[in-house]
Amino acid sequence: MTDDLLKYRSEFPILDKTVYLISHSLGAMPRATYERLHDYAEKWATRGVRAWAEGWWDMPVTVGNEVARIIGADPNTVVMHQNVSICQSLILSALLPAKDPKRNKIVFEELNFPSVMYVYEAHAKAHGLRIEAVKSGDGITMSLERMLAAIDEETLLVPISHVLFKSGFLQNAKAITERAHEVGATVVLDTYQSAGTVPFSVKELNVDFATGGSVKWLCGGPGAGYLYVRPDLINKLEPKTTGWMAHEHPFAFETEMQYAPNITRFLHGSPAIPALYAAQSGYRIINEIGVEAIRKKSMRQTQQLIALAEDAGFRVTSPQDPSVRGGTITVWDDNAAEITKELVRREFIVDYRPGAGVRISPHFYTKDEELELVIAEMKKIRDGREFKAEKAGAAF
């Protein structure tokens with residue numbers, strides 16, 4: 001089979017040395033990132049403070065516009081931050097305390113990413129709100145019916161993951177958003193595990209906010225999170241997590257806050273410029289390929305992984321139906337943690353999550369034969385017990 005996307009493989013140096021199947025955690029670094037970081041250093045070295053006026057100051061928005069193309073957002077509706085926790089906290093600072101005391105509930109799935117849950121639990125405690133974490137029946141998927149039933153007229157916020165980090169389960173964000181809006185609740189969609197591998201449009205989903213980062217499928221590295229705000233909400237909200245970049249006249253150094261009349265009101269202090277330089281190479285490749293093409297290959301390769309794993313006697317814990325699955329396959333064995341540790345030692349880069357097993361994620365740069373190699377190596381390690389019988393921690 002001809003795989004046109006493999007022409008991009010040479011752009012990722014780590015692929016020459018490893019079987020790299022961990023894009024759900026840290027996407028491979030594009031070769032061009034070396035050049036982008038050199039450009040940053042050269043700019044600082046030669047232009048000094050003038051670099052701010054020559055592009056640095058605008059990067060949270062100009063780089064955000066590159067992300068906007070990937071997630072189906074309008075230009076100037078996405079700004080860059082350091083991580084999702086900051087983005088979520090910033091959203092909460094604009095919405096709390098709640099105007100209606102009867103809206104005192106935050107609803108999310110119990111399989112949400114823990115870092116996000118920490119943020120909402122802390123703010124809920126501070127503002128007298130209650131959390132309803134909707135239970136999963138199997139620890140892998142979420143019942144849409146349960147999610148919809150939990151969202152009622154007392155619900156203030158619905159912060160959910162588009163794709164669950166542990167199992168790759170793809171939630172019906174459209175239906176959840178429609179239900180939330182029906183009762184007057186606000187939706188915050190975490191697209192960390194979907195952007196770059198699952199096609200979607202935040203405009204079509206009509207979410208109020210979306211957050212995510214560049215570490216995973218976007219191949220942008222750490223320190224470049226993003227925040228989308230629905231256009232009609234931008235000038236209605238005044239985040240209390242703020243700073244001079246959110247001011248309409250930041251260089252007037254006024255002592256009173258006057259929010260900018262655009263997406264920059266959702267910024268705060270000075271941005272992490274090196275991370276924004278580093279992130280751009282991945283965004284440009286994703287935009288050049290197109291997420292639709294990436295998804296087509298992903299669905300084919302994840303189905304192939306399932307067949308290979310089951311033929312080798314492993315149990316696949318990810319959803320079998322590709323329409324409700326992101327780009328990750330999880331494979332269970334009683335010794336999955338130890339097998340993962342041994343795989344990584346042998347340069348098969350995957351990771352492990354308790355209750356799900358070995359997480360394996362092909363991306364657009366993955367060869368079909370690498371899928372065969374990783375499952376064969378897992379079987380060899382399992383059958384020969386070629387691992388140390390010790391507790392292995394989850395790979396980052």
query = List the pairs whose first member sits in region 117-144 and is touching a residue at least 40 places away in the same chain (Cβ under 8 Å), whose second member is open to solvent by 30 Å² or more (accessible area, probe 1.4 Å), and whose Cβ atoms are under 7 Å apart, counting only residues at least 6 apart or on separate chains?
reply = Gly139/Gly355
query = Do we find that Val119 is within 30 Å of Ile289 (Cα to Cα) and either open to solvent by less than 10 Å² (accessible area, probe 1.4 Å) or aliphatic (A, V, I, L, M) (or both) in this structure?
reply = no
ask   = Counting just the residues of region 187-204 that are within 22 Å of Leu95 (Cβ to Cβ) and surrounded by 22 or more Cβ atoms within 10 Å (Cβ to Cβ), which one comes out nearest to the chain's Cα centre (by Cα)?
value = Tyr192
key: Per-region count, region 131-148, residues open to solvent by 40 Å² or more (accessible area, probe 1.4 Å), part of a helix (DSSP H, G or I) and touching a helix residue (DSSP H, G or I) at 6+ places or on another chain (Cβ under 9 Å)   = 2
task = Mind listing whichever residues of region 343-370 are closer than 25 Å to Tyr8 by Cα and among the β-branched types (Val, Ile, Thr)?
result = Val344, Ile349, Val350, Ile360, Thr366
query = Scanning region 336-370 for residues that are part of a loop (DSSP other than H, G, I, E, B) and at pLDDT below 95, which turns out most open to solvent (accessible area, probe 1.4 Å)?
reply = Pro354
ask   = Does Ser298 qualify as being polar (S, T, N, Q), at pLDDT below 95 and in a helix (DSSP H, G or I)?
value = no
query = What is the number of the single condition among (1) touching a residue at least 40 places away in the same chain (Cβ under 8 Å); (2) under 18 Å from Thr191 (Cα atoms) that Gly313 does not meet?
reply = (2)
ask   = Does Thr33 count as within 24 Å of Ser281 (Cβ to Cβ), part of a helix (DSSP H, G or I) and open to solvent by less than 70 Å² (accessible area, probe 1.4 Å)?
value = yes
request  = Please find, within region 247-273, the residue that is surrounded by the fewest Cβ atoms within 10 Å (Cβ to Cβ) out of those that are among the hydroxyl-bearing types (Ser, Thr, Tyr) and over 20 Å from Gly55 (Cβ atoms).
outcome  = Thr255
ask   = Name the residues in region 4-30 that are hydroxyl-bearing (Ser, Thr, Tyr), assigned to a loop (DSSP other than H, G, I, E, B) and under 22 Å from the mean Cα position of the chain (by Cα), would you?
value = Ser23, Ser25
request  = Mind listing whichever residues of region 166-182 are in contact with a strand residue (DSSP E or B) (Cβ under 8 Å, 6 or more places away or on another chain), open to solvent by 10 Å² or more (accessible area, probe 1.4 Å) and at pLDDT 95 or above?
outcome  = Phe169, Leu170, Gln171, His181
ask   = So which helices (runs of 4 or more DSSP H) are wholly in region 50-130 and hold at least 2 residues that are closer than 30 Å to Tyr40 by Cα?
value = 59-71, 84-95
query = In the set Ser201, Ser194, which member is among the small types (Gly, Ala, Ser), in contact (Cβ under 8 Å) with a residue 24 or more places away in the chain and more than 22 Å from Lys166 (Cβ to Cβ)?
reply = Ser201
query = Mind checking whether some residue in region 318-340 is on the phi > 0 side of the Ramachandran plot, in contact (Cβ under 8 Å) with a residue 60 or more places away in the chain and not aliphatic (A, V, I, L, M)?
reply = no
inquiry  = Can you tell me which residue is nearest to His363 (Cα to Cα) among those in region 300-315 that are open to solvent by 20 Å² or more (accessible area, probe 1.4 Å) and not polar (S, T, N, Q)?
reply    = Arg300
task = Kindly indicate the residue of region 371-385 that is assigned to a helix (DSSP H, G or I) and among the basic types (Lys, Arg) and also surrounded by the most Cβ atoms within 10 Å (Cβ to Cβ) among those meeting that condition.
result = Arg382
remark   = Every listed condition ((1) crowded, with 19+ Cβ neighbours inside 10 Å; (2) without any contact (Cβ under 8 Å) to a residue 24 or more places away in the chain) holds for Ile91 save (2)
task = For Ala275, state whether it is among the small types (Gly, Ala, Ser), out of contact with any strand residue (DSSP E or B) (no Cβ under 6 Å at 6 or more places or on another chain) and under 25 Å from Phe113 (Cα atoms).
result = yes
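The values are calculated or read from the model by the stated rules, or taken from the named source; none is laboratory data. Treat the numbers as computed from the prediction; the structure is a model and nothing was measured. Neighbour counts run over all protein chains shown; Cβ positions are idealised from the backbone, glycine included. The area values use the complete protein model at the heavy-atom level, side chains included, leaving out ligands, DNA and RNA. Shrake-Rupley method; radii C 1.70, N 1.55, O 1.52, S 1.80 Å.
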